[in-house]
Every structure is written in C-alpha cells, then in structure tokens.
1. Students often check this: by mean Cβ neighbours within 10 Å, which of A:269-281, A:248-260 ranks highest, and how do the rest follow?
2. Give me the orientation-averaged projected area of the Cα convex hull of segment B:220-299, in nm², one decimal.
3. Evaluate E = 1/(1 + (r/R0)^6) for A:Asn223 and B:Val101, where r is the Cβ-Cβ distance and R0 equals 41 Å; express this FRET efficiency to the nearest 0.05.
4. Please average, across the residues of B:262-274, the number of beta carbons from any other chain that are within 10 Å of each residue's own beta carbon, and give a whole number.
5. Towards the positive end of the charge dipole of segment A:106-196, with charges on Cβ (+1 Lys, Arg; -1 Asp, Glu), say which of A:Ala184, A:Gly174, A:Ile195 has the farthest Cα.
6. Using 7 Å Cα-to-Cβ label points, what is the B:Asn63/B:Phe290 separation (nm, one decimal)?
7. Calculate, for A:Asn357 and B:Ser140, the FRET efficiency according to 1/(1 + (r/R0)^6) with r their C-beta to C-beta distance and R0 45 Å; round to the nearest 0.05.
8. Return one whole number: the accessible area per residue of segment A:259-318 in Å², for a 1.4 Å probe.
Amino acid sequence: MASTTLHSRLSHTQSPAVTRSSSSLRQITGNSLTWSRAFAPDRLLSAVSQSSLRVVGGSVKPLITCAAGTEPVAAANLAPGTPVRPTSIMVIGATGTLGRQVVRRALDEGYDVRCLVRPRPAPADFLRDWGATVVNGDLTKPETIPATLVGVHTIIDCATGRPEEPIKTVDWEGKVALIQCAKAMGIQKYVFFSIHNCDKHPEVPLMEIKYCTEKFLKDTGINHVVIRLCGFMQGLIGQYAVPILEEKSVWGTDAPTRIAYMDTQDIARLTFIAIRSEKVNGKLLTFAGPRAWTTQEVITLCERLAGQDANVTTVPVSVLKFTRQLTRCFEWTNDVADRLAFSEILTSDTVFSVPMNETYQLLGVDQKDIITLEKYLQDYFTNILKKLKDLKAQSKQSDFYI
Amino acid sequence: MKRLVDANPVGLGRRSRQIFDEAWRKFSELGQISRTTRTNDESSLLIQEGGPMCEFAIPGAQNTTVLVVGATSRVGRIVVRKLMLRGYSVKALVRNADEEVVAMLPTSVKIVIGDVGDPATLRVAVEGCSKIIYCATARSSITVDLNRVDYQGVYNLSKAFQDYNNKLAQLRAGKSSKSKLLLAKFKSADSLNGWEVRKGTYFQDAVAAKYDGGMDAKFEYSENGDAVFSGYVFTRGGYVELSTKLSLPLGSTLDRYEGLILSIGGNGRSYVVILESGPSGDTSQSSLYFSRISTKVGFCRVRVPFSSFRPVNPADPPLDPFLVHTLTIRFEPRRQRPSEGAVGGSQDLRSFQMILEYIKALPTGQETDFILVSCTGSGIESSRRESVLRAKKAGEDSLRRSGLGYTIIRPGPLMEEPGGQRALIFDQGNRISQGISCADVADICVKALHDSTARNKSFDVCYEYVAEPGKELYELVAHLPDKANNYLTPALSALEKNT
C-alpha cells in the first residue's frame with residue numbers, strides 16, 4: 001500500500017533564543033526517526049523552554065507534514081458504498097491496561113469493537129470472549145494496517161510500545177503509518193491518548209514522540225480528539241500494593257513529583273462521552289484524577305490500608321539519573337536509557353495534574369462519579385484481604401482432613 | 001556432592017541474574033509515569049476480568065446461565081456482550097452455526113442449534129439455564145413466520161423452560177417453585193363435587209321480581225367430557241354464581257402464589273371472580289374481594305393476579321391470599337358486551353355458557369425468569385403493523401399465562417447508536433413516540449434479570465422527548481442510564497404490575 005510509506009520529515013531544534021545548542025536536533029527523514037543525543041548541561045533549562053519545530057532545509061513550514069495530507073492521495077471516499085455505521089470502532093492497543101477498559105466500555109455501550117492485535121501464538125482470548133472482533137495486524141508492518149480499517153468509523157488509539165521494545169518503531173513509525181492510513185481511508189474520527197505535559201519535556205523520548213504525534217495528527221486534518229493522561233491507578237497495584245501484601249520490598253523514589261492518578265474505567269467512560277460530543281472535536285483534553293499524589297504518599301496509604309508496614313527501598317533520584325547517563329553511553333543500552341528518561345522529570349518539582357472542572361462541565365460529568373485513589377485502593381485491599389482470608393480458611397479445612 | 005552442585009557456576013550465575021533482573025525491573029519501573037507494568041495474573045484478576053473491582057461485575061452472575069434467543073439480532077448481539085462482560089454464562093440459540101454466526105458471538109458463549117418453532121430442539125436449549133432473554137423476531141411479515149417466531153416461539157420456549165424446571169424439581173423430589181398449583185381440574189363427573197350453584201340479586205325489588213323472567217343456572221358434566229356452567233339471568237340486578245371452598249394440597253398456601261389462571265371456554269361473556277378471605281373457621285368475619293374477567297368465544301386462558309382484586313367493602317384491607325378460603329365465579333347480565341365473531345345474530349346477553357377446564361394458581365418469585373423484547377408497533381409500516389402486533393401480542397399473552405416470572409419490554413423503533421446517552425421514558429399504555437438505541441434496550445434486559453421490580457411487568461420504553469405544549473398527556477419521568485445510578489428500579493416501581 002503506497003499510501004502508508006512515509007514522507008514525513010521531522011526535526012526538533014531548540015529555540016535559539018534560549019540555548020544555542022543544536023544538541024537535541026532530532027530529525028526524521030524517510031521512514032526513520034533519529035535522535036542525536038548529547039549531554040547538554042543545560043538540559044533542564046531547555047526542558048522549560050518551549051521547543052519549536054521546523055522542517056529541515058525547508059522554509060518556515062510546520063515541522064511535521066503528512067504525506068496523505070499534502071499529496072492528492074485518494075483520500076476521498078470514492079465508492080458510494082454503504083455508509084460506515086457510527087457504532088463501528090477500532091481499538092489499537094486493546095490488550096493494554098487502558099485499552100481493555102476502553103474495549104469493555106465500548107462493548108457495554110453497544111459499539112461494535114474491532115481490536116488490532118499483533119499476531120501471536122497465544123491470541124488475546126479475553127477480547128473475543130467479551131464479544132470484540134480481533135484482527136491481526138502490526139503497527140511496525142504498515143502493509144498489514146489498511147485491510148483492518150475497512151468499515152471502521154472511529155479509531156481509538158491506546159497503544160504504547162512495550163517496555164522491552166524500542167520506543168520509536170511502534171510509537172512513532174507505527175503511529176505515523178496508522179494515521180496516514182486512517183486519513184487515506186477516510187476514517188471519521190481518531191482518538192489519541194497522549195501524556196500530560198508532553199510538550200514540556202522533549203528530553204523524554206516517549207513524551208516527545210507523543211507530542212510529535214499530536215502535532216502530526218492535527219496537521220493531517222483528520223477529525224480527532226487528543227486526550228492527555230496523567231497516571232493510572234491500576235498501575236499502582238502491581239507497583240506498590242502487591243509487593244506490600246507479599247511483604248516484598250517496595251521501591252520508591254524520594255522525588256517530589258506529584259501525579260493525579262485516575263482509574264482507567266473512568267478514563268474509558270469519559271473518553272466515550274468525549275467521542276460522542278460534537279463540542280470536543282479537534283480539541284485537546286487532559287484527564288487527571290481528583291488529587292495529585294507523591295510516591296511516598298501512595299506508599300503510606302497502601303501501608304495503612306493493608307495494615308502492615310512496607311519494606312521500602314528508597315532510591316534517590318540522582319541515582320536514577322546517573323544510571324541513565326551511564327546507560328546512554330552504550331549503544332545496546334539505549335532502550336534502557338529511554339525508559340529511564342522519566343527520571344529527568346522526577347527531579348523537577350512537577351505536578352502531573354490539572355484542574356478538571358472545565359472538562360467535567362464540557363462533558364457533563366459529575367465530579368463525584370470519578371473515583372478517588374483512597375476509595376480505589378480501599379476497595380482493592382478490602383477485596384484482596386477478604387480473598388486471602390477465604391483462601392486461608394480453605395487451607396485450614398484441608399489441613400483438618402489430613 | 002550436594003555442595004558441589006550448589007556451587008555450580010552456571011546455577012549461581014542464573015540465580016544472580018534472576019536477582020539482578022528483578023532488582024533492575026523494579027529500578028526501571030521507578031522512572032515510569034503513565035506506563036504500567038504488567039502485574040502477575042493472579043492479582044490482576046481482581047481488578048480486571050470480572051473481579052469485584054470491575055464496574056460491570058454483578059454478584060451472582062457466575063452462577064447464572066442465560067439463554068439468549070436471537071443472539072445475532074440487533075439487540076441480542078449487545079445483550080450477549082453485556083452478559084459476558086458481567087460474568088454470566090451465556091447460551092445462544094441459533095438456527096445454524098455457520099462461520100458467520102459463530103464469528104459474531106463471543107468465544108465462550110455456548111452455541112445451541114435449534115429453532116423456536118421446533119419444541120424438540122428447545123428442550124436441549126433450556127437445559128441448565130436459569131433465565132431466558134428472547135430478542136428474536138420474525139424476519140418477514142408473512143403470517144406463518146410471525147406466528148412461528150413471535151407467538152409459537154415464545155409459547156414453545158416458555159413451555160420447554162417450565163418442563164425443564166419441573167424435571168429439575170422432580171429430581172429433587174419436590175415441586176418446582178415456578179410450577180403452577182392446581183386448584184381444580186374438571187375431568188370427570190366427580191370433580192364437580194364441592195361446587196355449588198347459587199342465585200341472588202343485588203337489591204330486593206319485590207315488584208320487579210314478580211314480573212321478570214327469573215333466572216336459572218346449572219353446573220353439570222356433559223356427555224363429551226366438559227364441565228359446563230350455563231344458565232340465564234333475566235332478573236334485573238340478579239346474578240348466578242358457582243362457588244367452592246378451596247382445598248389446597250397439604251403444605252401449600254396461596255401466599256406463595258400471585259394469581260389465578262383459569263382455562264375456560266364458552267360464549268365470551270365476562271364474569272366476576274370473587275375471593276372470600278378470613279379465618280376459615282368463622283365465615284362471618286370473611287371479607288369479599290372481586291375482580292372482573294372477560295373471556296373469548298371458544299377456549300382461552302385468563303390470568304387473574306391477586307393484585308387485581310378489590311375489596312367489596314372499601315374499608316377492608318387489601319387481599320391477603322394466605323387467608324383465602326372460598327372461590328366464586330359469578331355471572332351477572334350487567335356490563336356485558338356482545339362478543340365478537342359469528343355466534344348467531346340474536347345474542348341474548350343475559351344467557352351464558354362457560355366450560356371450565358382447570359383453575360390453577362400462579363407462583364410468585366423474586367426475579368423475572370423470561371424477558372421478552374416485543375415492540376410498540378410504531379415505526380412499522382401501517383400495512384404490516386396489525387399482523388405484526390397481533391402475533392407479538394399473542395406471544396406476550398402466552399408468556400403471561402405460563403407461570404414464569406416475565407418482563408415484557410416494548411421499545412420504540414430501534415436505532416443503531418451507542419447507548420447510555422439519553423434519558424429514557426418508561427411508560428405503559430402505548431403512548432410513546434420516540435425511538436431508542438438497541439444498546440439501551442439490551443441494557444434494560446440485563447438490568448431486569450435481577451431486579452424484583454421488573455417481575456411480571458410489561459412496559460414501553462423510548463428516548464425522552466418534550467411534548468408539544470397543550471398536548472401533554474401525562475408527566476414524563478425520564479431516567480438517565482448511568483454507571484452510578486440504577487435507573488431501572490425507580491423507573492419500574494412506578495409502573496403497574498401484572499400488565
């Protein structure tokens with residue numbers, strides 16, 4: 001499929017007014033995105049500065065240009081076939097933490113859900129079990145995408161590359177191919193999940209990519225909604241709650257960063273309200289939980305609810321940062337370095353939160369319907385402690401019989 | 001020797017690598033913000049697939065098997081998905097399991113091949129089911145098709161389900177809580193014993209009584225095996241009645257039942273059923289309760305819920321079925337309407353004939369057993385509407401008489417759009433004018449499964465609308481489907497039961 005080959009070019013230069021360093025020039029030529037990494041001492045400073053995007057070698061054009069948007073590719077609906085039903089949606093990244101909630105919500109609201117999953121030996125059975133249709137495709141192989149999009153009205157993109165794979169293949173190249181394909185095939189709405197503050201931290205590769213994708217999506221002119229997220233409550237379970245219950249060591253940092261965690265079920269619910277609302281078209285929404293928490297606060301809360309002390313290993317942020325610098329020295333640890341890039345944010349006193357009143361009003365949602373972290377973790381611990389108790393009772397009984 | 005194995009450098013290396021990997025994983029997680037790590041599956045069960053932390057989870061859903069008929073229809077498709085999300089076991093009845101159909105249904109739905117028109121296949125289908133949701137509808141408006149799916153289908157399925165319940169109960173050496181209680185069956189001359197024919201008038205008018213034709217009635221067993229109650233009442237204000245003392249089988253009381261069902265034939269008169277309740281030893285303290293029933297020419301089954309009985313003396317408390325000791329069927333010439341159909345040109349409304357087959361009591365229960373998606377008829381072309389509605393109505397009636405707890409949902413014209421967006425109106429009496437999304441209908445079906453207010457109700461449902469000024473027929477009560485509120489219970493508790 002010719003329309004999926006990429007002609008986008010991207011480069012990232014820092015605003016010359018603030019720092020004249022060309023160290024963080026990133027450019028995409030053809031099908032590749034490259035970052036030249038350098039250890040600029042003023043990295044933090046540059047993070048604050050708003051980065052501007054330009055086309056390399058071109059005049060003052062928007063940095064990201066979409067081939068499908070500029071070239072007269074057959075973007076229009078040529079055949080007067082049956083109109084696509086508005087209830088038909090495609091979820092990308094449906095097996096993920098957020099994706100599965102989105103699929104569930106969609107099915108419950110009566111959508112016909114198609115999920116793009118990578119072909120693998122053990123297929124995502126739970127999706128088919130709920131009643132979604134599963135199609136095989138791989139964002140890293142653009143030729144597999146177009147066939148899966150036939151008859152789709154809305155694409156909901158909750159995909160992010162797995163930690164163990166290089167960030168840019170899925171998150172950048174794959175997404176660009178997908179968006180171009182969606183444009184070419186006349187998909188009527190594209191919902192993209194991004195990260196809060198991603199425009200402010202170009203030094204973090206994932207955030208940079210998300211931000212570039214936002215821009216790219218806007219430039220294609222496709223009908224879209226961008227939703228920026230802060231953090232998922234579901235993630236805290238594996239990170240803190242389970243280790244505390246299992247009396248294993250919990251790793252935390254002493255970072256002062258605060259994150260407004262949100263339940264993915266709430267995110268999914270709000271997302272569908274946003275999709276159906278005409279007012280939200282083309283807008284950028286940020287979803288944040290009711291309150292921002294530091295790591296320490298979350299651990300304290302878990303300890304209180306679990307009724308036992310956590311064995312906390314606090315890692316100073318400086319160690320994280322040092323490790324990142326170290327891993328960046330070697331080619332083979334670059335992926336690791338990318339993942340540790342968030343430590344750059346952790347040192348800053350950022351708050352990952354945003355007042356939600358306007359969003360609630362826009363979507364017509366009542367604030368009290370949004371679950372708080374206290375309530376969420378309390379539910380979790382009540383349920384798990386009850387289950388553990390049941391298990392214990394069972395094992396006692398079997399002892400009795402022996 | 002053992003020491004040596006322990007000191008095996010490969011093993012040591014592996015162990016140290018495991019420790020290092022674990023530590024490294026934790027370490028690199030520290031830097032994450034929006035990415036979550038994959039938790040091990042056991043703990044994720046709680047927050048993910050159908051555990052109590054999932055917003056869709058319903059306690060008790062695991063032990064409930066629901067048979068969905070018409071699982072590939074517009075509503076049925078969504079019903080199946082909703083049930084799966086909530087952790088129910090789902091059986092889907094399909095006519096043929098070709099690839100297209102199977103692909104449409106979730107993988108762990110149990111597919112049963114069968115046809116609602118074929119009772120034999122239904123016996124297999126209802127096995128192991130505790131609830132039925134019927135969303136099938138005829139694909140054409142040919143009368144045969146309509147009858148087969150919308151009427152006979154419902155009848156066959158409710159019968160198969162009752163048979164299955166009875167079979168289960170017999171295995172437990174008891175009676176199914178869903179089975180009807182036989183109060184009287186008129187199959188031999190002996191069965192007429194205990195029934196007494198009485199005459200009376202509402203007012204003592206000596207002059208009138210002298211000049212009118214009088215009245216007479218008899219209850220007898222005819223040659224062709226029918227118990228016939230027949231006679232005439234020419235006296236103004238007169239009536240004749242057939243009465244018996246109820247003798248219930250040992251251990252059963254009428255408070256476990258919620259109505260009567262009479263199988264009667266005749267010439268289509270209306271009757272008054274009277275229940276006498278009070279302490280059975282002292283009939284002077286009894287109070288009377290009445291309910292009017294109408295019959296058709298020929299045989300029909302009439303359902304009389306206890307809730308439709310009104311006290312003769314308005315000061316009396318509402319009927320308590322537990323105390324009922326006498327049942328009376330009364331004929332009076334007042335308020336009779338000529339019956340439809342060819343009975344002969346000269347009907348005298350003061351004469352009557354009633355063939356009694358049986359009288360049974362309908363069981364109560366907490367929840368609905370059978371949810372039927374019917375239709376209001378709006379949105380159907382006028383040429384077809386009548387025949388469609390007739391078949392649907394016949395299906396509804398057969399369900400009401402089955403003794404199963406039923407919920408009949410009559411949605412407005414179905415629309416293919418996501419549900420939960422607009423407020424809904426629940427109403428009775430064919431007044432609604434709007435459409436409704438398939439997903440909302442499916443949501444009502446699923447919610448009604450465990451809602452005691454949904455038992456034995458029929459209702460219309462559509463999107464909220466604003467009536468034109470001056471044309472407001474009634475106050476519109478809208479209920480917005482939402483995650484937080486259970487809109488169904490308040491909406492339905494305002495509606496009449498046993499409709």
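1. Details: A:269-281: 17.7, A:248-260: 19.6.
My ranking of the peptides, most packed first, is A:248-260, A:269-281.
2. One quarter of the hull surface, i.e. the mean projection, equals 7.7 nm².
3. With a Förster radius of 41 Å, E is 0.75.
4. Average neighbour count from other chains, rounded to a whole number: 0.
5. My answer, from the dipole projection, is A:Ala184.
6. It is 4.6 nm.
7. Values: r = 54 Å, r/R0 = 1.20.
Using R0 = 45 Å, I get an efficiency of 0.25.
8. 36 Å²
The values are calculated or read from the model by the stated rules, or taken from the named source; none is laboratory data. Model, not experiment: these values are computed from the prediction. So basically every Cβ, Gly included, is an ideal-geometry build from the backbone, and we count neighbours across all protein chains shown. These area figures cover heavy atoms from the full protein model, side chains too; ligands, DNA and RNA do not enter into them. Shrake-Rupley method; radii C 1.70, N 1.55, O 1.52, S 1.80 Å.
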